[in-house]
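S.K.: Quick one: the structure is below, questions incoming.
The values are calculated or read from the model by the stated rules, or taken from the named source; none is laboratory data. The structure presented is a predicted model; accordingly, all values stated were derived computationally and were not measured. All Cβ positions, even for glycine, are placed from backbone atoms using ideal geometry, and neighbour counts span all protein chains on display.
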């Protein structure tokens, strides 16, 4: 078994010595780095760093790490996150009627591929309630209409708070979230069934078929206020031909959607994704 | 050596018996079919067919085939083309300054992968003249400005006519063709450096980088009046990461562009592509 | 809804007029062909044909089709199969302990992607019994040892017979079938976790990792007497890097395995696969 | 323009503090790291590191770097290489008759994609001499027979020495090198036209076709004494179908071969590849 690790995700203005400075912090406290990766965006002068080290043998107690590293980060005006591999984040999945992305996430969760707890599923329909029950996950039916959207989103935010949710996965949740909801809960991953920026919005497979494309795709991205324009985490495509009907596009697309979404969720849960400037750095 | 073949490309309204009817035409005249493929678009009720057979042993003399098949096609109001594999079409390549697509086409042409004559290269710059000379292809420098565009396109059309050109390849020709030119010479294949419909128009790699996409692509399509909206023949993509700069996008994209364009040109020259309704059927 | 169709899969020595002859059989009886594809292997002189047509409006009653077509096929010494889309074949799935391929097949089956009945699951372990129960499929535990293999395979053959099974899917069934079993039930599809012919036999991911490959793959094939050497239906690969451990190979490979196996099963059930000479023709 | 950089490639037994130690060496001397990547192979306990930094502003003169770093590396028993981006390595290309890999390398070289000098082409045939002349590269015809192989390889080694060659590219050089040659010049990259370990040795496309595979591939690897078993740098594949003849395999394979070989050469020339234990780490 891998012993517990700590991971730092850091971003700050580039300057000489950052690689050494951050690695030294680990080393000076007796830590053994098992993964280190960094990236400099030379066009914006931003330095991004991921450091993962074993907690066993580290001289700082884990509750003191944030304070100690904060003292280093402050003069650099660095943004940073600290994660412990044995502090399992709580994740909610929001769905509508389609089960393929939900089942794929739950299967991987059971198989140990996703380091998360999943205590909550929310849906604007009841079709997938039986799946939630089978996996013993609480299921809430929150139907949305134009008229009740404001109140229902309040209810959803309360559920996220009550269940102490840190990450929401939109696994084919066919509703547009309001800016208010996103402002109150910014940590949301969505799967969109096209290779963005082609075909944002509704019915991308129908529009792809009408355009006569030879490839279709799927995109996992963080949700921002502008529909389907948030930072892209992962994209995959598959070839199609004139023999493929819209039904074939949808069937092939489902395979893409579940693989792309699951992979993006895994990357996020392993603390491998940093966003800036509406893009992501994926340290994999 | 493969002996000479004839190829029929047919499209007409679907009705029972078309596969048998067209195959019978070949068989009744003693022909040996070496490739037959068909497709029915059930949404529009269109039937499309490709038939290729050996001319050796075929009882109709080749100059009589069109008349004989025309009699069958007329009551069906079918559109059709007849090609002979030993009637080599004449193709012109239009370029600006980048050499990669041009060199790739010429290398394949020399290697026997493209069944065409290439007597003419046109460019709005002189940078690639030496390549034309090396391959002993006539090179015309036709600079284009806002002011002279109408006359220069007339000159280009005259060159196409003088050289008896049947197909024009825009191999990174960085000019928008006028509707008049396209109306007068409709058989043009272009390579666009994005997975259309994402990023039509100028600077797609820059825009793809700004958007933070995880895949880039290239698209070969027939040219129509609306920029980058003609029927798509072929698309390919390649993965990119946060480490890839715009220069890397351009470098990786060049490999895509030359493969996608060359493949589309080959498919066209083998008479495997039928267009309808702003899409293509590729019988490969 | 698509109405019921009939499909002929034909192979025979090539000769002029076969495309017309077989299409005429459909047309002369008033049938409307919705898919026709053919292939000639010029190295062996074999002609292969797939014809699918609507039964509605076809003048021959379906019970007379085999006799009528047999009269055409006989002088050609053609091998042929006749399938009706509403005669649903019965399929058994054999597993050991891993659930990913089984769950993927069952999910697609429920989603209507696989045109089969699945009345029987056989396993040499009991781990996956609960899944069988959830889907209300009969589950038989048939443990295999060196000593009891002969008798246990007899039992398996009896089960196949009792359940009227037409196709067996080895969905990570980690046992080598005896020549006797294969001789008695030749219609078996297996998933092997490598891009064959690399790494046949045991522990392919371990050996791929030891070799330092940059791609791993999965292969679906018909089972023949020689281990992992039967006709290949479908292969897919995924890139790996030095960061990927054997555990990562296995995890990434599971995604490949379920996609490749499910796709091969779907192709088979749609009667799109013809085998000859230890290879397949896939009319898709 | 990017200013000149230095790159260290280091491998040694893993121990705490290595990331910090090596980064500190750069930082303590005022260097600005522009790329740092590392990998630990936990199964063997080996640590591998790539560090690239700008020479401008670095306090150590470049001729002193090796000595200074050597003092750090010695107690760790580390193997290491030091490269300067403006010290352009000299590379020879060995060919037989096929031109596609050679032309692709030369086109990329002219386009500035390969940071090397190419003063020497060696061939056992004369077919490609004109290409060498066009690019003003010295061409030597060194025909090989069973009888003269020992002497001719001596001649080849003399040419490598005379031209001060640091890297040899076998760009479809259809001869097996003797252990003696490899022992005397170990820095050789080969392109093999299969996805190794499938189909090592002669005629891989013919054997792939005979096996009925659905994918073909190409592999770039360092040459070792055992044929086609050296460390793999890069692999790519392409799908094939029953329609593809051996000639199609060869044609499609040529595109793979030139892309895979060129990419591997580029990675090597950018000092991104470290070999150990018959495998590679590619820091890209």
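S.K.: I'm trying to understand the selection: among the residues of the stretch A:140-175, which are part of a loop (DSSP other than H, G, I, E, B) and closer than 25 Å to residue A:219 by Cα?
M.R.: Of everything in the stretch A:140-175, those that are part of a loop (DSSP other than H, G, I, E, B) and closer than 25 Å to residue A:219 by Cα turn out to be A:144, A:165, A:166, A:171, A:172, A:173, A:174, A:175.
S.K.: If you don't mind, there's one more thing I want to ask. Consider residue A:30 against the criteria (1) at pLDDT 95 or above; (2) at the interface with chain D (Cβ under 10 Å from one of its Cβ atoms); (3) under 21 Å from residue A:86 (Cα atoms): it satisfies all of them except one. Which criterion is unmet?
M.R.: Unmet condition: (1).
S.K.: Are any residues in the stretch B:41-52 within 9 Å of chain C (Cβ to nearest Cβ) and at pLDDT 95 or above, and if so, which ones?
M.R.: B:51 - this is the single residue of the stretch B:41-52 that is within 9 Å of chain C (Cβ to nearest Cβ) and at pLDDT 95 or above.
S.K.: Follow-up question, since we're still on this one. Name the single residue, out of those in the stretch B:106-121 being in contact (Cβ under 8 Å) with a residue 40 or more places away in the chain and surrounded by 16 or more Cβ atoms within 10 Å (Cβ to Cβ), that is nearest to the other protein chains (Cβ to nearest Cβ).
M.R.: Here the answer is B:113.
S.K.: In addition: Out of everything in the stretch B:1-13 that is at pLDDT 95 or above and over 15 Å from residue B:65 (Cα atoms), what residue ends up being nearest to the chain's Cα centre (by Cα)?
M.R.: B:11
S.K.: For the structure I just gave you, tell me whether residue B:160 is touching a residue at least 40 places away in the same chain (Cβ under 8 Å), over 30 Å from residue D:131 (Cβ atoms), crowded, with 16+ Cβ neighbours inside 10 Å and assigned by TED's automatic domain parsing to the domain that holds residue B:189.
M.R.: yes
S.K.: Might you check whether a residue that is part of a strand (DSSP E or B) and under 22 Å from residue B:114 (Cβ atoms) occurs anywhere in the stretch B:64-81?
M.R.: Yes, there is a match, as at least one residue in the stretch B:64-81 is part of a strand (DSSP E or B) and under 22 Å from residue B:114 (Cβ atoms).
S.K.: Something else: If you scan the stretch B:15-42, which residues turn out to be farther than 21 Å from residue C:45 by Cβ, surrounded by fewer than 17 Cβ atoms within 10 Å (Cβ to Cβ) and within 26 Å of the chain's Cα centre (by Cα)?
M.R.: Listed by number, the list holds a single entry, B:42.
S.K.: Would you mention how many residues in the stretch C:186-219 are outside any loop (DSSP other than H, G, I, E, B), within 14 Å of residue D:216 (Cα to Cα) and under 21 Å from the mean Cα position of the chain (by Cα)?
M.R.: 3
S.K.: So residue B:239 fits all but one of (1) under 19 Å from residue A:41 (Cα atoms); (2) surrounded by fewer than 18 Cβ atoms within 10 Å (Cβ to Cβ); (3) more than 10 Å from every other protein chain (Cβ to nearest Cβ); what number is the exception?
M.R.: (3)
S.K.: I would also like to ask the following. Please work out which residue is farthest from residue A:3 (Cα to Cα), limiting yourself to the stretch A:56-80 and to residues that are in contact (Cβ under 8 Å) with a residue 60 or more places away in the chain and either surrounded by 13 or more Cβ atoms within 10 Å (Cβ to Cβ) or in contact with a helix residue (DSSP H, G or I) (Cβ under 8 Å, 6 or more places away or on another chain) (or both).
M.R.: So the residue we want is A:76.
S.K.: A further question on this structure: Only one of (1) away from chain B (no Cβ under 12 Å); (2) modelled with pLDDT under 95 fails for residue C:16. Which number is that?
M.R.: For residue C:16, the exception is condition (1).
S.K.: Moving on to the next point. Specify which of the listed residues (D:227, D:269) is within 10 Å of the chain's Cα centre (by Cα) and outside the structural domain of residue D:51 (by TED's automatic domain parsing).
M.R.: D:269
S.K.: Here is a further query. Just the residues that are closer than 21 Å to residue B:16 by Cβ and surrounded by fewer than 18 Cβ atoms within 10 Å (Cβ to Cβ), please, taken from the stretch C:3-14.
M.R.: C:3, C:4 - these are the residues of the stretch C:3-14 that are closer than 21 Å to residue B:16 by Cβ and surrounded by fewer than 18 Cβ atoms within 10 Å (Cβ to Cβ).
S.K.: Kindly provide the set of residues from the stretch B:179-193 that are out of contact with any strand residue (DSSP E or B) (no Cβ under 6 Å at 6 or more places or on another chain) and at pLDDT 95 or above, ordered by number.
M.R.: Answer for the stretch B:179-193, where residues must be out of contact with any strand residue (DSSP E or B) (no Cβ under 6 Å at 6 or more places or on another chain) and at pLDDT 95 or above: B:179, B:180, B:181, B:182, B:183, B:184, B:185.
S.K.: What's the number of the only condition in (1) facing another protein chain (nearest Cβ under 10 Å); (2) surrounded by 19 or more Cβ atoms within 10 Å (Cβ to Cβ) that residue D:172 fails to meet?
M.R.: Condition (1) is where residue D:172 drops out.
S.K.: From the list C:216, C:188, C:169, C:144, pick out the single residue that is touching a helix residue (DSSP H, G or I) at 6+ places or on another chain (Cβ under 8 Å) and either in contact (Cβ under 8 Å) with a residue 60 or more places away in the chain or not assigned by TED's automatic domain parsing to the domain that holds residue C:267 (or both).
M.R.: C:169
S.K.: Here's something else I'd like to know. With respect to residue B:79, is the statement that it is in the same structural domain as residue B:10 (by TED's automatic domain parsing) and within 23 Å of the chain's Cα centre (by Cα) true?
M.R.: For residue B:79, the condition - in the same structural domain as residue B:10 (by TED's automatic domain parsing) and within 23 Å of the chain's Cα centre (by Cα) - is met.
S.K.: Pick out the one residue from A:229, A:151 that is out of contact with any helix residue (DSSP H, G or I) (no Cβ under 7 Å at 6 or more places or on another chain) and more than 30 Å from residue B:279 (Cβ to Cβ).
M.R.: A:151
S.K.: Using the structure shown, decide if residue D:131 is assigned to a helix (DSSP H, G or I) and in contact (Cβ under 8 Å) with a residue 12 or more places away in the chain.
M.R.: So residue D:131 fits the description; yes.
S.K.: Considering only the stretch C:250-284, how many residues are more than 13 Å from chain D (Cβ to nearest Cβ) and in a helix (DSSP H, G or I)?
M.R.: 15
S.K.: Have a look at B:251, B:258 and point out the one that is without any contact (Cβ under 8 Å) to a residue 12 or more places away in the chain and either within 30 Å of residue A:275 (Cα to Cα) or assigned by TED's automatic domain parsing to the domain that holds residue B:132 (or both).
M.R.: B:251
S.K.: For the stretch B:93-105, give me the residue count where each residue is in contact with a strand residue (DSSP E or B) (Cβ under 7 Å, 6 or more places away or on another chain) and either surrounded by fewer than 19 Cβ atoms within 10 Å (Cβ to Cβ) or facing another protein chain (nearest Cβ under 9 Å) (or both).
M.R.: 1
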